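Peer 1: Before we start, here is the structure in question, set down as structure tokens.
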Amino acid sequence: MAEKSFKYVIVGGGVAAGYAAREFAKQGINPGELAIISKEAVAPYERPALSKAYLFPEGTARLPGFHVCVGSGGERLLPEWYKEKGIELILSTQIVKADLGSKSLISEAGEVFKYNILIIATGSTVIRLTDFGVEGADAKNILYLREIDDADKLVDAIKAKKNGKAVIVGGGYIGLELSAALRINNLEVTMVYPEPWCMPRLFTAGIAAFYEGYYANKGIEIIKGTVAVGFTSDSNGEVKEVKLKDGRVLEADIVIVGVGGRPLTSLFKGQIAEEKGGIKTDGFFGTSVPDVYAVGDVATFPMKLYNDIRRVEHVDHARKSAEQAVKAIKANEEGKTIDEYDYLPYFYSRAFNLSWQFYGDNVGDTVLFGDNSPTSPKPKFGTYWVQDGKVVGAFLEGGSPEENQAIAKVARTKPPIENLDTLTKEGLSFATKI
Ligand code: FAD
């Protein structure tokens, strides 16, 4: 079987891979030194677009419009860019075996890829209801969203089921963004999730109350405190009903499941140190195996700001960790050193006309400020998280770029506060005056 050798191989062709390629080009590589091997059929793109403009009926985003690095205001890297730089994009190629001892990867078709330095950027996969044996979960039109192929299936289903009924299982990022996207496409939308409020891992009850109210005003029905336990389908095998644990039955033409992800580390099991479900790295994204780096969703890395180690499944970290790893690789080759990764957690989401940003850590007491009425014509509100007398996290809906920068600065500098009441009264101005 064919064998190819590269100085650097990136396995996975998503967000982190694209930003790593740009950094390699910036630092200087020779043609033929770098290969990206990806299961997907397209060059790296900004994954968050799939749950947003990709699904909109108007102003629809399509490739090549959202290849990396447009999401962070950078140059759009088209397939030609990789060619010009002599970077080999090996697409539609799934690696099924990795042998870190002999520094080789093997594809489904049996091709062997050798490397000197490997960057693992395999990202996450979705958790499927079929994984838990949920009855009828393999029916047609029960859909998930991770890759562009999934998004295309969703677009087809939206077209085929015009004005139909959609049930969204899960109240996290995917649930909230997809409910909005389907509603904009004129489907009748019901969300179902077991928690007392949406996005419970980040939102407080106060934050969630705004979004739940806003969604209800858009005509989205929200059913909380129960889960989908089974599905029935019609004679074509297409989903027809969702059975809930509380006994209710919902009609559905499309079901979208967004119940979380799992980092794709299985290729390396037993060959590399893992922690908190991811591949353990140092502050340069080096792993326990020499010459092997891990970036993006799969990496469990030291979070310097909080003196612990974490895994982060967000696009900003995917971009920055990839750049850090490439800088570290290059510095190492030149006998130089770089600073350790010092990440400030940053998450965001957009749906309808809403847009929020969060920076820092969501621990400790919380303070809600601003206008969080779901019927407000211009809602702008936020929350601070306070721990040991310091503001450690900040959330803002409807902020301007300057205001978002201000809350980021608060989260980074962790300013002390006198008491929670003053902070509540000062609200956003506490951040903007710092
Ligand atoms: P990915 O971008 O997932 O890339 C992994 C790549 O590896 C994929 O191309 C995959 O096919 C490939 N791969 C995996 N296994 C193999 C293999 N064995 N062989 C070959 N190739 C393989 N984050 C935010 O902060 N804000 C958002 O608004 C937001 N929206 C999102 C919307 C959606 C629909 C999704 C799915 C995610 C969203 N995220 C968002 C999360 C963000 O996109 C991810 O954190 C980010 O893409 C992680 O980058 P990555 O490079 O680690 O993984």
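The values are calculated or read from the model by the stated rules, or taken from the named source; none is laboratory data. Because the structure is a prediction, the values reported are computed rather than measured. All Cβ positions, glycine included, derive from the backbone under ideal geometry; neighbour counts span all protein chains shown.
Peer 1: What strands (runs of 3 or more DSSP E), lying completely within the stretch 331-424, carry at least 3 residues that are more than 20 Å from His314 (Cβ to Cβ)? Talk me through it step by step, then tell me what you get.
Peer 2: On the way: elements: 346-351, 354-360, 365-371, 380-387, 390-397.
Where strands (runs of 3 or more DSSP E) fall fully within the stretch 331-424 and carry at least 3 residues being more than 20 Å from His314 (Cβ to Cβ), they are 365-371, 380-387.
Peer 1: Specify which of the listed residues (Thr204, Thr226, Thr232) is closer than 17 Å to Val257 by Cβ and in contact (Cβ under 8 Å) with a residue 60 or more places away in the chain. Steps first, answer last, please.
Peer 2: On the way: Thr204 fails: closer than 17 Å to Val257 by Cβ; Thr226 fails: in contact (Cβ under 8 Å) with a residue 60 or more places away in the chain.
After ruling out the rest, the residue left standing is Thr232.
Peer 1: Would you say Pro302 is at pLDDT 95 or above and within 13 Å of the ligand (Cβ to nearest atom)?
Peer 2: Values: at pLDDT 95 or above: yes; within 13 Å of the ligand (Cβ to nearest atom): no.
Answer is no for this residue.
Peer 1: If Thr190 satisfies every condition in (1) without any contact (Cβ under 8 Å) to a residue 12 or more places away in the chain; (2) surrounded by 15 or more Cβ atoms within 10 Å (Cβ to Cβ) but one, which is the exception?
Peer 2: All conditions pass for Thr190, except number (1).
Peer 1: Moving on to the next point. If you go through the stretch 112-128 one residue at a time, do you hit one that is away from the ligand (no atom under 13 Å from the Cβ), part of a helix (DSSP H, G or I) and touching a residue at least 40 places away in the same chain (Cβ under 8 Å)? Write out each step before concluding.
Peer 2: If we filter the stretch 112-128 for residues that are away from the ligand (no atom under 13 Å from the Cβ), which is where we start, we get 112, 114-117, 128.
Applying the additional criterion that residues be part of a helix (DSSP H, G or I) yields none.
Within the stretch 112-128, none of the residues are away from the ligand (no atom under 13 Å from the Cβ), part of a helix (DSSP H, G or I) and touching a residue at least 40 places away in the same chain (Cβ under 8 Å).
Peer 1: Looking at (1) at pLDDT 95 or above; (2) closer than 30 Å to Ser349 by Cβ; (3) surrounded by fewer than 20 Cβ atoms within 10 Å (Cβ to Cβ); (4) not acidic (Asp, Glu), can you tell me which one Lys7 breaks?
Peer 2: (2)
Peer 1: Next question, about the same structure. Which pairs turn up if I take residues in the stretch 40-58 that are at positive phi and look for partners that are buried (at least 20 other Cβ atoms within 10 Å of the Cβ) with beta carbon separation below 7 Å, at least 6 apart in sequence or on another chain?
Peer 2: Filtered contacts from the stretch 40-58: no entries.
Peer 1: May I ask you to say which residue of Gly136, Gly170 is surrounded by 14 or more Cβ atoms within 10 Å (Cβ to Cβ), on the phi > 0 side of the Ramachandran plot and within 16 Å of the ligand (Cβ to nearest atom)? Step through it out loud before you land on a result.
Peer 2: On the way: Gly136 fails: within 16 Å of the ligand (Cβ to nearest atom).
Answer to the selection: Gly170.
Peer 1: I've got another one for you. It is to be established whether one or more residues within the stretch 232-247 are among the β-branched types (Val, Ile, Thr) and under 30 Å from Ile120 (Cβ atoms). Steps first, please.
Peer 2: Step one: filter the stretch 232-247 for residues among the β-branched types (Val, Ile, Thr), giving 232, 239, 242.
Subsequent filtering for residues that are under 30 Å from Ile120 (Cβ atoms) retains none.
No, the stretch 232-247 contains no residue that is among the β-branched types (Val, Ile, Thr) and under 30 Å from Ile120 (Cβ atoms).
Peer 1: Just a yes or no: is a residue in the stretch 322-329 touching a Pro at 6+ places or on another chain (Cβ under 9 Å), of a type outside the set (Val, Ile, Thr) and surrounded by 16 or more Cβ atoms within 10 Å (Cβ to Cβ)?
Peer 2: Initial filter on the stretch 322-329 (touching a Pro at 6+ places or on another chain (Cβ under 9 Å)): none.
Among the residues of the stretch 322-329, not one is touching a Pro at 6+ places or on another chain (Cβ under 9 Å), of a type outside the set (Val, Ile, Thr) and surrounded by 16 or more Cβ atoms within 10 Å (Cβ to Cβ), which makes the answer no.
Peer 1: Please verify whether the stretch 263-278 includes one or more residues that are in a strand (DSSP E or B), in contact with a Pro (Cβ under 8 Å, 6 or more places away or on another chain) and buried (at least 17 other Cβ atoms within 10 Å of the Cβ).
Peer 2: Step one: list which residues in the stretch 263-278 are in a strand (DSSP E or B), which gives 263, 274-275, 278.
Then drop every residue that is not in contact with a Pro (Cβ under 8 Å, 6 or more places away or on another chain), which leaves 278.
Among the residues that remain, those that are also buried (at least 17 other Cβ atoms within 10 Å of the Cβ) are: 278.
Scanning the stretch 263-278 turns up at least one residue that is in a strand (DSSP E or B), in contact with a Pro (Cβ under 8 Å, 6 or more places away or on another chain) and buried (at least 17 other Cβ atoms within 10 Å of the Cβ).
Peer 1: Shifting gears a bit: Would you please name the residue that is nearest to the ligand (Cβ to nearest atom), looking only at residues in the stretch 336-354 that are free of Cβ contacts under 8 Å to residues at least 40 places away in the same chain and of a type in the set (S, T, N, Q)?
Peer 2: Among those that are free of Cβ contacts under 8 Å to residues at least 40 places away in the same chain and of a type in the set (S, T, N, Q), it is Asn353.
Peer 1: Restrict the check to the stretch 326-335 and report whether at least one residue is within 16 Å of the ligand (Cβ to nearest atom) and touching a strand residue (DSSP E or B) at 6+ places or on another chain (Cβ under 6 Å).
Peer 2: We begin by selecting, within the stretch 326-335, every residue within 16 Å of the ligand (Cβ to nearest atom); these are 326.
Next cut, touching a strand residue (DSSP E or B) at 6+ places or on another chain (Cβ under 6 Å) only: none.
No: zero hits.
Peer 1: Is it true that Ile106 is in a strand (DSSP E or B), away from the ligand (no atom under 14 Å from the Cβ) and aliphatic (A, V, I, L, M)? Quick ask: steps written out before the conclusion?
Peer 2: Numbers: in a strand (DSSP E or B): yes; away from the ligand (no atom under 14 Å from the Cβ): no; aliphatic (A, V, I, L, M): yes.
Taking the combined requirement at face value, the residue does not satisfy it.
Peer 1: Any idea which residue in the stretch 193-211 is surrounded by the fewest Cβ atoms within 10 Å (Cβ to Cβ), counting only those that are within 30 Å of Asp156 (Cβ to Cβ) and in contact with a strand residue (DSSP E or B) (Cβ under 8 Å, 6 or more places away or on another chain)? Give the steps one after another, and end with the answer.
Peer 2: So the first thing to find is which residues in the stretch 193-211 are within 30 Å of Asp156 (Cβ to Cβ), and the list is 193-194, 198-199, 211.
Next, from what is left, pick out any that are in contact with a strand residue (DSSP E or B) (Cβ under 8 Å, 6 or more places away or on another chain): 193-194, 198, 211.
Numbers: Tyr193: 25, Pro194: 16, Cys198: 24, Tyr211: 26.
Once the filter is applied, the top-ranked residue is Pro194.
Peer 1: In the stretch 75-102, which residue that is surrounded by fewer than 18 Cβ atoms within 10 Å (Cβ to Cβ) and among the aliphatic types (A, V, I, L, M) is nearest to the ligand (Cβ to nearest atom)?
Peer 2: Looking at the filtered set, the residue picked out is Val96.
Peer 1: Could you tell me which of the residues Gly398, Gly335 is at positive phi and surrounded by 16 or more Cβ atoms within 10 Å (Cβ to Cβ)?
Peer 2: Values: Gly335 fails: surrounded by 16 or more Cβ atoms within 10 Å (Cβ to Cβ).
Step by step, each of Gly398, Gly335 is checked, and only Gly398 is at positive phi and surrounded by 16 or more Cβ atoms within 10 Å (Cβ to Cβ).
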